[in-house]
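For reference, the structure discussed in these notes is given below.
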Amino acid sequence: MTRTRITLAMLAAFAVAGFVQAQPAQPKAAAPAAAAPAAAPAAASTGKALYPQSQFDFMLKERLAQGGQDTPELRNAIREELNTRELLMREAKKANLDKNPDVKQQMDLASQTVLVRAYVTDWIKKNPIPDAELKKEYDAIKAQMGDKEYKVKHILVDKEDEAKDIIAQLQKGAKFDDLAKARSKDPGSKDRGGDLDWNAPGGFVKPFSDAMVATPKGKFTATPVQTQFGYHVILVEDIRDAKVPSFDEVKPQLTQRVQAAYLDKYFKELRAKNGV
């Protein structure tokens, strides 16, 4: 596996699902215009404002934080959007949609979502992950991956007798690639002669990786290897030292991973404290 593939493999291991991914991105360092939006040149007024200035200032700040440029065109676009929103909201109220139970429920949930995200973001800032904790997680994943990479091929079949027959044919001189193409049920590798490319042991289920590590370079497994997928015959073509990305390369992903665990623990404690 190339350094790029190993990096991607580790990043996949470090991927985070759930609340942390839902957090809004941290704003970029503010440009001079973002720090003082009021100092930017004002665009010609396109009409009266139906919104409070604080809404305009907030939306401008958000757009600049997302990489927008403080231009007259951007300011006019924001004015038009805010005015249109206000007009549509007035029409919705005339239609009594704000009194519709379903609409009110959606509005309550939207308001709750904003407040919860703000609180979680603030909680994360106040509870930073120590580097020692991140390093511990890094070392654990690195140990799981192992210090070697293996270039392997395999033939996957449903029954142990089938795997034994394949081993017998290999011992008689049959070509591994030919048998894989003819008999393997793994659609992702059979057309390539069973080739799985370079992988670390952590990339496979344990029975497969244990058998792979125990098999010498250039040899195939002498007995079938059973996993939840079926029975495998494994050929170890080559072995090399693993090239693992550095701690600094994966620190952002590690931070998200550990933050997710911290948040999950906090949520559980909060629910338990309140009897839910």
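The values are calculated or read from the model by the stated rules, or taken from the named source; none is laboratory data. On a predicted model such as this, the values are computed, not experimentally measured, just so you know. When we count neighbours, we look across all protein chains shown, and the Cβ atoms used for this are built from the backbone with ideal geometry, even at glycine. The accessibility values were calculated without ligands, DNA or RNA, using every heavy atom of the protein model including side chains. Shrake-Rupley method; radii C 1.70, N 1.55, O 1.52, S 1.80 Å.
Using θ = phi - 60° in the Karplus curve 6.51 cos²θ - 1.76 cosθ + 1.60, the 3J(HN,Hα) couplings for the range 121-136 round to 4, 5, 4, 4, 4, 7, 10, x, 7, x, 4, 4, 5, 5, 5, 4 Hz; x is entered for Gly and Pro.
Using a 1.4 angstrom probe on heavy atoms only, work out the carbon and sulfur share of the accessible area of the range 57-201 in %. Walk me through the numbers on the way to the answer.
Numbers: 4770 of 9290 Å².
It is 51 percent, rounded to a whole number.
To the nearest Å, what is the center-to-center distance of the range 155-200 and the range 59-80, using C-alpha atoms only? Centre-to-centre distance over Cα atoms comes out at 60 Å. Length gained on full extension, ALA174 to ALA77, computed as 0.36 nm times the residue gap minus the Cα-Cα distance: 27.8 nm. A viscosity of 0.692 mPa s and a temperature of 37 °C, combined with the Kirkwood radius over Cα pairs in Stokes-Einstein, give a translational diffusion coefficient for the range 138-276 of 190 µm²/s. With a cut-off of 10 Å between beta carbons, the residues surrounding ALA261 carry a summed charge of -1, where Lys and Arg count +1 and Asp and Glu -1. In order along the range 186-200, the Karplus-derived 3J(HN,Hα) couplings, from 6.51 cos²θ - 1.76 cosθ + 1.60 at θ = phi - 60°, round to 8, x, x, 10, 4, 6, 9, x, x, 5, 10, 6, 7, 8, 8 Hz, and Gly and Pro are given as x. In the context of the full set of protein chains, residues of the range 76-172 present 68 Å² of accessible surface per residue (probe radius 1.4 Å, heavy atoms only). Residue-wise HN-Hα couplings along the range 87-101, as the Karplus relation 6.51 cos²θ - 1.76 cosθ + 1.60 with θ = phi - 60° gives them from phi, are 5, 5, 5, 4, 5, 5, 5, 4, 7, 6, 5, 5, 9, 5, x Hz; Gly and Pro carry x. Gain on full extension, evaluated as 0.36 nm per residue between LYS251 and ALA49 minus their Cα-Cα distance, stands at 68.1 nm. Restricting the calculation to Cα atoms, the range 113-183 yields a radius of gyration followed by a Dmax of 25.1, 70 Å.
For the range 208-276, the solvent-accessible area of protein heavy atoms averages 58 Å² per residue (probe radius 1.4 Å; ligands and nucleic acids excluded). The separation of the range 111-130 from the range 211-276, counted between C-alpha centres, amounts to 29 Å. Which trypsin sites (Lys or Arg not before Pro) in the range 157-213 sit in a loop by DSSP (not H, G, I, E or B) and have at most 16 other Cβ atoms within 10 Å of their own Cβ? Those that pass, being in a loop and sparsely packed, are LYS159, LYS172, LYS175, LYS185. Around the amide H of THR227, modelled in the peptide plane, lie the amide H atoms of HIS232, all under 5 Å away and 5 or more residues distant in sequence or on another chain.
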